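> Following this message is one structure expressed as structure tokens.
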Amino acid sequence: MRLAEIEAEVAAAFGLAVDEMASRSRKRHLVWPRQAVWWLAKRHCTVSYPFLGRRYGLHHTTVMHGVRSTEERVGAMKIGQAPPEEIAAFAATVAWIDRAASSTRGE
């Protein structure tokens, strides 16, 4: 699984352009998808925090915080504490990426 594929799928699921999502903006509707990309990239790619930070023009510790925040958000989704539209977009993206990653590994 390539990072560009993850970025494209997350952007599509949230109705964003990849370059819009990759901006340094701290608007909530951009931060959450960006953090989701980081979390998925750490699960499915061999990328480092510093690499992701450079790609997004941010410090690697910002990426680390985003990945931790996403872990917490995923936990909240599992117990129904997140907005339904957020859960739907994220779940669809994760499902697609997990399927794609499995097929490239031959599972």
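> Can you pull the one-decimal nm distance between simple spin-label points at ALA92 and MET64, each 7 Å off the Cα toward Cβ?
With each label placed 7 Å out from Cα toward Cβ, I get 3.5 nm.
> Still on this model: Say R0 is 22 Å: what FRET efficiency, to the nearest 0.05, do ARG55 and ARG26 get from their beta-carbon distance?
E between ARG55 and ARG26, to the nearest 0.05, is 0.80.
> Among GLU5, GLU71, which comes first, second and so on when ranked by fewest other beta-carbon atoms within 10 Å?
GLU71, GLU5
> Which log10 I(q)/I(0) values, to two decimals, does the stretch 9-49 give at q = 0.15, 0.34 Å⁻¹ under the Debye formula with one point per Cα?
-0.33, -1.17
All of the numbers you see were taken from the coordinates with simple rules; none came from a lab. Note that this is a predicted model, so its numbers are computed, not measured. Reconstructed Cβ throughout: ideal geometry from the backbone, glycine too, with neighbour counts over all protein chains shown.
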